[in-house]
Amino acid sequence: MVFFRLDEETGKANQCVELGKGRQNALVCCNLAIFGEFHRPNPTALTMTKDSLFPALEEPGWSEALTPLLIQPEMQALGRRLAQRAAQGEEIFPSKCHWFEAFAKAPLDQVRVVILGQDPYPTPGQAHGLSFSVRSHVHPLPRSLVNIYTELNDDLGIQNHSGCLLPWARQGVLLLNAVLTVTRGEPGSHRGLGWEALTDTVIEVLNQRRRGIAFLLWGGYAHKKGRTIDRDRHFVLESAHPSPLSAYRGFFGSRPFSQVNQFLEASNDRAIDWQL
């Protein structure tokens with residue numbers, strides 16, 4: 001059976017490998033393709049099947065922290081609602097295998113910065129599981145990302161052209177949306193379905209288990225989710241959302257990137273390289 005390895009930035013298949021037959025082996029290959037490299041998967045992930053309501057949490061730290069919640073009735077109900085909508089023909093972004101991409105790319109014990117978005121891009125071909133990010137081949141860039149890059153240039157003189165924020169995630173930047181799915185063409189359509197319980201737990205896990213994380217909370221929705229963050233343990237910077245509807249109401253001029261690096265360096269941690 002032949003499967004293809006996905007390039008993490010472009011999403012295109014550029015390599016294949018032959019594995020044994022059977023459901024479990026097919027699942028293993030699916031996980032390897034999702035996470036962009038071939039290695040022995042997390043044994044917890046092997047308990048998942050293609051019919052599971054949620055994709056496997058491959059990263060051990062996040063798996064241990066979030067799996068107990070995912071098996072609770074309210075989260076199972078969310079999974080069934082999403083599965084039912086998809087069965088009825090609703091286009092849900094990102095694809096199911098990328099719902100937990102943010103956790104795969106920023107392991108729990110390596111998170112240093114959290115950028116909290118609202119929900120995925122509802123435009124086809126854009127959302128791939130990292131907040132505000134798109135694949136490297138996507139042009140033109142979403143307007144919110146254009147505004148983020150404008151502020152980055154004003155703040156640090158950095159000009160980025162690729163929309164793929166994967167290099168940020170690899171440095172410990174958790175690119176998290178408050179709601180992890182959306183219906184095609186309908187921004188905010190999955191608010192209130194149940195994702196908020198999961199992402200609230202993510203924030204609380206980081207708040208309680210870690211120290212010295214920089215949280216960038218952009219927009220009123222993110223501000224509300226950040227109310228429980230201990231400001232004595234972490235750095236929290238709130239501003240307007242980078243959306244064209246609100247960027248001029250406090251996002252532009254907020255200088256979040258230099259402030260995050262100043263905080264990290266003052267904490268004897270290395271700065272984030274925001275250049276892509």
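The values are calculated or read from the model by the stated rules, or taken from the named source; none is laboratory data. It should be emphasised that the depicted structure is a prediction, and the values quoted were computed from it without experimental measurement. Every residue, glycine as well, gets a Cβ built from its backbone with ideal geometry; the counts of neighbours run over all protein chains shown. Calculation scope for accessible area: heavy atoms of the full protein, side chains included, ligands and nucleic acids excluded. Shrake-Rupley method; radii C 1.70, N 1.55, O 1.52, S 1.80 Å.
Summary of values
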{"read-out": "Yes/no for Thr181 being under 19 Å from Tyr121 (Cβ atoms) and touching a His at 6+ places or on another chain (Cβ under 9 Å)", "value": "yes"}
{"read-out": "One residue from Gly125, Gly194 being surrounded by 16 or more Cβ atoms within 10 Å (Cβ to Cβ), more than 13 Å from the chain's Cα centre (by Cα) and on the phi > 0 side of the Ramachandran plot", "value": "Gly194"}
{"read-out": "Filter result for the condition that a residue is basic (Lys, Arg) and over 22 Å from Glu90 (Cα atoms), over Arg191, Arg184, Arg135", "value": "Arg135"}
{"read-out": "Selection count where residues are open to solvent by less than 30 Å² (accessible area, probe 1.4 Å) and outside any loop (DSSP other than H, G, I, E, B), scope region 238-276", "value": "8"}
{"read-out": "Any hit, region 217-235, residues being at pLDDT 95 or above, open to solvent by 60 Å² or more (accessible area, probe 1.4 Å) and either outside any loop (DSSP other than H, G, I, E, B) or of a type in the set (Phe, Trp, Tyr) (or both)", "value": "no"}
